[in-house]
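What follows is one structure encoded as structure tokens, with my remarks underneath.
The values are calculated or read from the model by the stated rules, or taken from the named source; none is laboratory data. These numbers were taken from a predicted model, which means no experiment stands behind them. Ligands, DNA and RNA are excluded from the accessible area calculation, which covers all protein heavy atoms including side chains. Shrake-Rupley method; radii C 1.70, N 1.55, O 1.52, S 1.80 Å.
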Amino acid sequence: MRLPVLVFAAALLLSGCGAALGDTVAAWPAQVPPYDRDAFGDGWADADRDCQDTRQEILIRDLVDITLTADGCDVATGTLNDLYTGTTIAFQRGQSTSDDVQIDHVIPLSYAWKAGAWQWSDADREAFANDGAELRAVDGPTNNSKGDRGPSRWLPPNPPAHCTYAASWRDVARERLVDHGSQVSRAARWSAPR
């Protein structure tokens, strides 16, 4: 099934971005089932079976000065230069500290659900939820404040990040949510090297 066409028009015009960016959907389907987070898979996947799940791989990609646990599977410590807040966050793995750095789905899963992901296969939804192009390590409280809003209703508190965030949202939406009629499955496109 084709997904609703996303309109990237003047819903949000950011000074200095050079383009109108938005997250208005031309028409949500009339009947969308209630959002089901479990339909996107059982937490973070380890698609390449290297013992590092998607969260760990994003932390390794986005943090600097990282150390790994003894088994090499998890990030123990590191430093995040957070785009959303413009601050530096010292990350330390632990029950009371790991949420200081969260992994943001640039396009929230509930937003993708309403945009048509409810019609996707389980494999396609899990691939989307674990797609590195759609994920970013960020300040935990700031990620919580975002909720399931797009860039016309939420922007990072750090003004220099506005254009980067909105452009990233637009690019992921164009590539991942808009159905261009390709015969290549979404899961295959998402797992392809970039």
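Subtracting the Cα-Cα distance of Q119 and S152 from 0.36 nm times their residue separation leaves 9.4 nm of extension gain. The slack between N81 and C51, meaning 0.36 nm per residue of separation minus the straight C-alpha distance, is 8.3 nm. Per-residue extension of 0.36 nm, minus the Cα-Cα distance of D42 and T164, leaves a gain of 41.0 nm for this segment. Split the accessible area of region 47-192 by element, probe 1.4 Å, and carbon with sulfur accounts for 48%.
Taking every protein chain into account, the accessible area of region 32-82 amounts to 56 square angstrom per residue (probe 1.4 Å). Each of T69, T54, T88 has its accessible area taken with a 1.4 Å probe; listed largest first, they run T88, T69, T54.
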